[in-house]
1. Hey, among A:Leu15, A:Leu62, A:Leu10, which residue is closer than 25 Å to B:Arg70 by Cβ, at pLDDT 90 or above, over 16 Å from the mean Cα position of the chain (by Cα) and buried (at least 20 other Cβ atoms within 10 Å of the Cβ)?
2. Would you please list the contacts, defined by Cβ atoms under 8 Å and residues six or more apart or on different chains, that run from a residue in region B:15-42 that is within 27 Å of A:Ala159 (Cβ to Cβ) to a residue that is among the polar types (S, T, N, Q) and assigned to a helix (DSSP H, G or I)?
3. Could you figure out which of (1) at the interface with chain B (Cβ under 7 Å from one of its Cβ atoms); (2) assigned to a loop (DSSP other than H, G, I, E, B) isn't true of A:Ala69?
4. Within region A:27-46, can one find any residue that is at the interface with another protein chain (Cβ under 7 Å from one of its Cβ atoms), in a helix (DSSP H, G or I) and among the aliphatic types (A, V, I, L, M)?
5. Looking for something in a loop (DSSP other than H, G, I, E, B) and at pLDDT 90 or above - is there at least one such residue anywhere in region B:26-34?
6. So how many residues does region B:37-73 have that are among the hydroxyl-bearing types (Ser, Thr, Tyr), buried (at least 18 other Cβ atoms within 10 Å of the Cβ) and assigned to a helix (DSSP H, G or I)?
7. Does A:Ile149 satisfy the condition of being of a type in the set (A, V, I, L, M), under 21 Å from B:Leu50 (Cα atoms), within 18 Å of the chain's Cα centre (by Cα) and more than 10 Å from every other protein chain (Cβ to nearest Cβ)?
8. Is there a residue being among the acidic types (Asp, Glu) and either in contact with a strand residue (DSSP E or B) (Cβ under 7 Å, 6 or more places away or on another chain) or surrounded by 16 or more Cβ atoms within 10 Å (Cβ to Cβ) (or both) anywhere in region A:161-183?
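The values are calculated or read from the model by the stated rules, or taken from the named source; none is laboratory data. Computed from a prediction, not measured in an experiment: that's the story for all the values here. As a convention, Cβ positions derive from the backbone with ideal geometry for all residues, glycine included, and neighbour counts pool all protein chains shown.
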Amino acid sequence: MSFIDEDEALIAAALNGSAFAWEKLVKRYESKIYNHGLRLMGNSSDAMDLMQEVFLGVYRNLHRFRGDAKFSSWIFRIAHNKAVDLNRRKRILATGGSSDDEGPDLDRYPDEHGDEPESRMQEQQQNGQILSMLTQLPFDQRLIVELKIYQSQTFEEIAEMQDISVNTAKTRFYTALRKLKTVSEETHVLP
Amino acid sequence: MSCPKTEHILQEYFADDLAPLASEEIERHLAQCPICSAELNALLQTRDALAGWQDSQVPHWDRGMELFRREHQAPRTENSWFSSWQWLPTGASLAMLCVLLLNTSVTVSGSSVSIEFGDSDNADISANLADFQQQQQQELQSIIARFEERQDNNNIQLLQAVVAQTQQATADNLDRIYTYFEEQRQQDMETMRVSYQQLVDSDYATIQSLQDLAQFVSFQSNVQ
């Protein structure tokens, strides 16, 4: 028996011209992709740019999605590639490509939620602290942390996606975790 | 103080799958070495803190709908009837305001000015308001009925598209997909109902405030 999941149903309908299905499909993933972008890029504006590029990429290539892999894996692979591109473009624009450790701008992030209720404020504060730590990492280490901790990928999957060896992926993750530990001890940003 | 094995032990600790022998070796070393053990605890604490991320809300965006509609040449009418209906309560409020204003008469006699709101009484205004509220409720029911009909059509179109695209679809799958769409539809309906009710309530409250204001001004004028 063939199995059709909700994503595939929505994709089929969207390919058939249903704007309703396309909107449903976007709604199912926009939060995951936006938060993925926020953690990688460090600010809401770049996260929005990334999310829009991702969904544009999905839209343009939807007819190529064959269902061999899950749609969620497919869209996150697109997001990964777009994030790498966006980071490269930003680095070139900002420094002429010389620095790898440039931290994304965090200025706009905490101020955007001034009218939120207290619980929401606490949540944003916690996210802000996590972002301030993540942005201390070089982009390649931040990517590994994102894929390992937030996407729960195996080192084998990470190695394949980043075109590195499994051992390099493991070492990079360990190095990143140690650096994050040091940052959190220095700044006492985490409990 | 440091331990020469820390890096190797901890790097392996975070590996996805360890052979039982390697795992035992790591556990044995951690039990004996306070340096590695303390380092591991600190790293685990850092990892747990990172995992405390709570998804932030996505800022408003158009979800690529403009592009989708343009490229599929879909008319904007899919939602537009509802968009225009959204302004109904506000329009009705304005109409009520006009009614109140038209019923206002200003009389100048000598040095005093007398303002009256219609020939009327509060009972008339209250009756008007009750009618207005009832009318709003009926319109709400009518909009919900139309929205339901539209949603049903959407579901049918989706299912037709799925069947067309995936010839091997089974009845079970279709049932499951229909259930999913049905749940989504119910959620949309509830969201719409609540939003609209809030809008109606807020307009009703505005008109009541106007009524209070009118009574107050009328009272003041009569006192003069």
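1. Numbers: A:Leu15 fails: buried (at least 20 other Cβ atoms within 10 Å of the Cβ); A:Leu62 fails: buried (at least 20 other Cβ atoms within 10 Å of the Cβ).
The match here is A:Leu10.
2. Listed by first residue and then by second, the contacts come to B:Leu30/B:Ser37; B:Cys36/B:Thr6; B:Glu39/B:Thr6.
3. Of the numbered conditions (1) at the interface with chain B (Cβ under 7 Å from one of its Cβ atoms); (2) assigned to a loop (DSSP other than H, G, I, E, B), the odd one out for A:Ala69 is (1).
4. For region A:27-46, residues at the interface with another protein chain (Cβ under 7 Å from one of its Cβ atoms), in a helix (DSSP H, G or I) and among the aliphatic types (A, V, I, L, M): present.
5. Here is the first cut: in region B:26-34, the ones in a loop (DSSP other than H, G, I, E, B) are B:33.
Remaining after also requiring at pLDDT 90 or above: B:33.
Looking for residues that are in a loop (DSSP other than H, G, I, E, B) and at pLDDT 90 or above, one finds at least one in region B:26-34, hence yes.
6. Taking region B:37-73 as the starting set, the residues that turn out to be among the hydroxyl-bearing types (Ser, Thr, Tyr) are B:37, B:46, B:56.
From the residues that got through so far, the ones that are buried (at least 18 other Cβ atoms within 10 Å of the Cβ) too are B:46, B:56.
This time we only want the ones that are assigned to a helix (DSSP H, G or I), so: B:46.
Total meeting the criteria: 1.
7. On the way: of a type in the set (A, V, I, L, M): yes; under 21 Å from B:Leu50 (Cα atoms): yes; within 18 Å of the chain's Cα centre (by Cα): yes; more than 10 Å from every other protein chain (Cβ to nearest Cβ): no.
It is false that A:Ile149 is of a type in the set (A, V, I, L, M), under 21 Å from B:Leu50 (Cα atoms), within 18 Å of the chain's Cα centre (by Cα) and more than 10 Å from every other protein chain (Cβ to nearest Cβ).
8. Just the residues of region A:161-183 that are among the acidic types (Asp, Glu), to begin with: A:163.
Now restrict to residues that are either in contact with a strand residue (DSSP E or B) (Cβ under 7 Å, 6 or more places away or on another chain) or surrounded by 16 or more Cβ atoms within 10 Å (Cβ to Cβ) (or both): none.
Within region A:161-183, not a single residue is among the acidic types (Asp, Glu) and either in contact with a strand residue (DSSP E or B) (Cβ under 7 Å, 6 or more places away or on another chain) or surrounded by 16 or more Cβ atoms within 10 Å (Cβ to Cβ) (or both).
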